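Visitor: A single structure is presented below for examination.
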Amino acid sequence: MLPGEEWDYQINDNLNTADIILLLISSDFLFSKYCWDVEVKKAIERHHAGEACVIPVILRSVDWSGAPFAKLQALPKNAEPVVSRRRSSLRRRGMVSSSE
């Protein structure tokens, strides 16, 4: 998206035409009225209609068990949050202290 473009139009256009829709799950995403009212609603509608495949990607640890996409297979494997996986990997390499 270029500076000055209307982001709402761009998001809706992409939601309406995408074959695969990734939902990047975090507390910010779950508590965003826009994400729920627009993005999740449209993504799930298209998923149920067989028009798109919705894949939740768990970025940070958050309870998403009551979400409309909770029955969908999430990534990464076992729905382990990306952030904790990355920190764990960095800790093993000695790049992040265990207190972070």
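Visitor: In the full protein assembly as shown, how much of residue 51 is accessible to a 1.4 Å probe, in Å² to the nearest 10?
Guide: That residue has around 100 Å² of solvent-accessible surface.
Visitor: Starting from 0.36 nm per residue, how many nanometres of slack lie between residue 55 and residue 10 once their C-alpha separation is accounted for? List each step's numbers first, then the result.
Guide: Numbers: separation 45, 0.36 × 45 = 16.20 nm, distance 1.99 nm.
Gain on stretching residue 55 to residue 10: 14.2 nm.
Visitor: Using R₀ = 35 Å, calculate the FRET efficiency as 1/(1 + (r/R₀)^6) where r is the Cβ-Cβ separation of residue 78 and residue 20; round to 0.05.
Guide: On the way: r = 21 Å, r/R0 = 0.59.
My answer for the efficiency is 0.95.
Visitor: Can you pull out the chymotrypsin sites (Phe, Trp or Tyr not before Pro) in segment 28-78 whose DSSP state is coil and whose Cβ has at most 13 other Cβ atoms within 10 Å? Don't skip to the answer; put the middle values down first.
Guide: Working: sites: 29, 31, 34, 36, 64, 69; in loops: 31, 64, 69.
Within segment 28-78, the qualifying chymotrypsin sites (Phe, Trp or Tyr not before Pro) (loop, at most 13 other Cβ atoms within 10 Å) are 31.
Visitor: Let me ask you something else. Which of the lysines could a cross-linker span from residue 42 if the Cα-Cα distance has to be under 23 Å and same-chain partners fewer than 8 positions apart are dropped?
Guide: Within the straight-line cut-off, residue 42 pairs with 33, 71.
Visitor: Please work out whether segment 1-49 counts as rounded, prolate or oblate from its C-alpha gyration tensor, where a ≥ b ≥ c are the square roots of the eigenvalues and a/c under 1.5 means rounded, while otherwise a/b larger than b/c means prolate and anything else oblate?
Guide: Working: a/c = 1.91, a/b = 1.13, b/c = 1.69.
It comes out oblate by the Cα gyration axes.
The values are calculated or read from the model by the stated rules, or taken from the named source; none is laboratory data. What you see is a predicted model, and the numbers here were worked out from it, not measured in a lab. In this analysis, Cβ positions are derived from the backbone assuming ideal geometry, glycine residues included, and neighbour counts consider all displayed protein chains. Side chains are part of the model used for accessible areas, which takes the heavy atoms of the whole protein and leaves out ligands, DNA and RNA. Shrake-Rupley method; radii C 1.70, N 1.55, O 1.52, S 1.80 Å.
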